[in-house]
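Let me begin by presenting the structure, written as structure tokens, before commenting on it.
What follows is calculated from the coordinates using simple rules that are stated; it is not laboratory data. Please read all numbers here as calculations on a predicted model, not as lab measurements. Neighbour counts are summed over all protein chains in view; Cβ atoms, including those assigned to glycine, are modelled from backbone coordinates with ideal geometry.
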Amino acid sequence: MKKTQSVREGLRRLPIRPVYLVSMEHDGKRNIITIGMFAFFSGNPALVGIGVAPARYSYDLIRKSREYVINVVDERLMEAVRICGEYSGRDTDKFRKAKLTPVEGVKVSAPYIQECPVSLECKVVQEVETGDHVWFIGEVQATHVNEDYDWKQGLLFKWIGKDGFYYRVGKQMGKY
């Protein structure tokens, strides 16, 4: 039997979602934000998007630079994910605090993160306001992938009650 709950609690019951570190730079100011709002919009052209609240420091950097890099994380980077989600780039150099190495992008000025196994360089092609977040839809310009990376190492995040937990991708359950 279903029970009516608050919208917030109902949304927390959705399945696990991936978590990423998104890096950006504008006028010599760089930052990393932990992102749980990610979407794959198109294969041709390759379009992906991230949802960012306008109050975030990263929002202004992306809006002005029109570029960002989505960096996939694995379990080795859980502490970096926490740091980049808890601290503001207005006050903290997150690359230094999280002990991450910025690498100059090939197609965008935003750095990618050396320690992340996959990085997607993106140029913003559209902004879509959706309530309390703006979706920055970016066309993927370049990708960087560690040769030994297996997608099953990707980090997932799930809220349960008041607590958040990290998971790795689970086992295959069927075929489409």
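Using Cβ counts within 10 Å as a stand-in for footprinting exposure, how do 74, 132 rank, fewest first?
By the 10 Å Cβ count, ascending, the order reads 132, 74.
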At a Cα cut-off below 16 Å, give the lysines reachable from residue 107, other chains included and same-chain residues fewer than 8 away excluded. 123
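Based only on other Cβ atoms within 10 Å, what is the fewest-to-most ordering of 122, 116? Mind showing how you got there, number by number?
On the way: 122 30, 116 26.
Ascending Cβ contact count within 10 Å gives the list 116, 122.
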Place a +1 charge on the Cβ of each Lys and Arg in region 92-176 and a -1 charge on the Cβ of each Asp and Glu, then give the dipole magnitude about the Cα centre in debye, rounded to the nearest 20. 440 debye
In the structure shown, do any of 2/158; 3/175; 99/152; 97/158 have a Cα-Cα gap over 26 Å, and if so which? 3/175
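Given the rule -39500 (n - 2.57) for each run of at least 4 DSSP H residues, summed and divided by the residues of the chain, what is its mean residue ellipticity at 222 nm, to the nearest 500 deg cm²/dmol? Display every interim value, and only then the final one.
Details: 4 runs with 28 residues, N = 176.
Value at 222 nm, helices only: -4000 deg cm²/dmol.
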Once Lys and Arg are counted +1 and Asp and Glu -1 for all other residues with Cβ under 11 Å from that of residue 34, the total becomes +2
Residues of region 95-131 with amide N under 19 Å of the 7 Å Cα→Cβ point at residue 152: 117-118
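Work through the residues other than residue 18 whose Cβ is under 14 Å from its Cβ and net out their charges, Lys, Arg +1 and Asp, Glu -1.
On the way: positive: 17, 152, 158, 168; negative: 74, 75.
The answer is +2.
Let me check I've understood the local charge: for residue 121, count other residues with C-beta under 11 angstrom from its C-beta, Lys and Arg +1, Asp and Glu -1. What total comes out?
Numbers: positive: 107, 123; negative: 67, 104, 139.
It works out to a net charge of -1.
Quick one: grab the alpha carbon gyration tensor of the chain, order the square roots of its eigenvalues as a ≥ b ≥ c, and give me rounded if a/c is under 1.5, else prolate or oblate depending on whether a/b is larger than b/c. Walk me through the intermediate numbers first.
Details: a/c = 1.43, a/b = 1.30, b/c = 1.09.
Rounded is the answer for the chain, as its axis ratio a/c remains below 1.5.
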